[in-house]
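This report refers to the structure that appears directly beneath it.
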Amino acid sequence: MSQGHPMSRVITIAVAEFEQAVRSRAFLIGLLALPLLMGLAFGIQVLTARRDTSERRFVIVDRTEMLGPALVEAARTHNAEETSSTGRRTGPWFLPELVAPDGAAADATRLSLSDRVRRGDIFAFVEIPADVLDASAKAEPRLQYYTEYPTYQALPDWLRRQVSRAVADRRLATLGADPAQTRRLLEPVPMDRKGLVVRTSDGAVSEAEKVDVVRAVAMPAITMFMLFALVMSSAPQLLNSVIEEKTSRISEVLLGSVSAQHLMLGKLLGSVGVTMVLGVIYIGGGLLLAAQADYFGMIQWSLIPWFALFLVIAVFLYGSMFIAIGAACSEVKDAQGMMMPAMILAMFPIFLWLQVVQNPDSPMSVGFSLFPFAAPYLMLLRIAIPPGPPAWQVALAVAGSVATTIAMVYAAGRILRVGLLMQGKTANYREMVRWIMAK
């Protein structure tokens, strides 16, 4: 390597690292892996999301001897609604059968019907208790639903709704009220969620825009998960790169020309370059998809600079961590065990994203978004959620993340200096701390 200004050596290492990465087969696989996996997941969802169009035969044991006919009529209406104009089913058909209750032999009835379920004659059976119409009953009556398929929800959910409706109609009729009219009076009032109005330049009050759920929830989540995917597609690769150079003794040659700090900085800059290329490709593809889905006008363009800033910080932060682990290990299998704490640290913000989306200004959301190892993900998520966090919180998160990144880069450089020259032995975390503190 040519002798010159230290920064020129760093740039040379960065360019070499970048070229080696983008020319490798792993880069092409990684470039295609994310969109292919997303497309595969979407395709599987589409293929498996076909609606259930089977017949579900079930038995009603109506101990009130009043609600059965109403449920049979409700099933007939349901089946008509689940049939297209061409006669094709668009949903499951519910085919009820009324069985007269036998109070003296209730257990025998349940056993007989259970045998029919086991033989496949019927899908399930339901018992309606005799006191379900008694509004003054001390203990709340409960339906008893029997089936071999406890995970199937369409039929029990439908039964719960229809029995509740039939019971309410009976109780209202007993009070002399018209069930249909009362039901209309009790219909919930629909609600539109809107933003805030503002006064325009001509003095008028603007019309509030209707809140779009995709823009309010999906867009911030997509932004954060894309950042996570980009960081995890590049930063862990630095670990393998360092171990390969260490086992092939290339690192010893490199350390003869540049310092460990410059070597690591060059690798990190090369990794940032690779990540930026991936980011441009994925963001470009995302913009095309947004345009196709008619969401192009809802994209928050102000997020792009924040996305780029937090992407660079995250790559430096986690990249230096993985470089340090790679320098302390002699083989990839040794690094796998040491990677677990680093991976948990990198992934734990993902476990919190839903809570942050639901309440971005809660103490938990604010606290974790200021934590340096979570700030690139969670603060970006909060920025994407209107109205966004206060400026001082953003500034504090960026400053804390940058300071932590500088400390991590320094510590990783100290570990790299010792670890690259150590052969045949894998250090533990205690030894790595001692290398950092050594003068």
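Quick one: grab the alpha carbon gyration tensor of the stretch 90-233, order the square roots of its eigenvalues as a ≥ b ≥ c, and give me rounded if a/c is under 1.5, else prolate or oblate depending on whether a/b is larger than b/c. All intermediate terms of the calculation are to be shown ahead of the outcome.
Details: a/c = 3.82, a/b = 1.67, b/c = 2.29.
Here the stretch 90-233 falls in the oblate category.
Given R₀ = 56 Å, FRET efficiency for Val433-Ser302 by Cβ-Cβ distance, to 0.05?
On the way: r = 41 Å, r/R0 = 0.73.
Once rounded, the FRET efficiency stands at 0.85.
Which of the aspartates and glutamates could be linked to Lys246 by a straight reach, that is with a Cα gap under 14 Å, when you skip same-chain ones fewer than 8 residues away?
Lys246 reaches Glu331, Asp334.
Testing the spin-label approximation: label points 7 Å from Cα along Cα→Cβ at Val198 and Ala154. State their distance in nm.
Between Val198 and Ala154, the simple spin-label model gives 4.7 nm.
Give me the percent of accessible area attributable to carbon and sulfur for the stretch 74-142, probe 1.4 angstrom. Present the calculation step by step, with values, prior to reporting the outcome.
On the way: 2050 of 4100 Å².
Carbon-and-sulfur percentage of accessible area, whole number: 50.
Per residue, how much accessible surface does the stretch 324-400 expose to a 1.4 Å probe? Answer in Å², no decimals.
Values: 3330 Å² over 77 residues.
Per residue, the stretch 324-400 has an accessible area of 43 Å².
Measuring with a 1.4 Å probe in the full set of protein chains, what accessible area per residue, in whole Å², belongs to the stretch 84-211? Mind dumping the intermediate values first?
Working: 9120 Å² over 128 residues.
Computed with neighbouring chains in place, this is 71 Å² per residue.
If you roll a 1.4 angstrom probe over the protein chains with everything in place, what fraction of the accessible area of the stretch 148-248 belongs to carbon and sulfur, to the nearest %? Write out the running numbers ahead of the final one.
Numbers: 3740 of 6560 Å².
Here carbon and sulfur together make up 57 percent of the probe-accessible area.
With a/c under 1.5 counting as rounded, go ahead and sort the stretch 330-439 into rounded, prolate or oblate using the C-alpha gyration tensor (a ≥ b ≥ c being the square roots of the eigenvalues; past the cut-off, prolate if a/b is larger than b/c, else oblate).
Details: a/c = 3.85, a/b = 2.12, b/c = 1.81.
The shape class here is prolate.
At what distance in nm do the modelled label points of Ser112 and Glu55 sit from each other, each positioned 7 Å from its Cα along Cα→Cβ?
Distance between label points: 2.2 nm.
If you roll a 1.4 angstrom probe over the protein chains with everything in place, what fraction of the accessible area of the stretch 294-439 belongs to carbon and sulfur, to the nearest %? Present the calculation step by step, with values, prior to reporting the outcome.
Numbers: 4890 of 6810 Å².
Heavy-atom surface of the stretch 294-439 belonging to carbon and sulfur, 1.4 Å probe: 72 percent.
Can you give me the Cα centroid spacing of the stretch 143-193 and the stretch 353-412 in angstrom?
Here the two parts' Cα centres lie 46 Å apart.
The values are calculated or read from the model by the stated rules, or taken from the named source; none is laboratory data. Quick caveat, the model's predicted, so the values are computed rather than measured. Glycine gets a Cβ as well: all are built from the backbone with ideal geometry, and neighbour counts include every protein chain shown. These area figures cover heavy atoms from the full protein model, side chains too; ligands, DNA and RNA do not enter into them. Shrake-Rupley method; radii C 1.70, N 1.55, O 1.52, S 1.80 Å.
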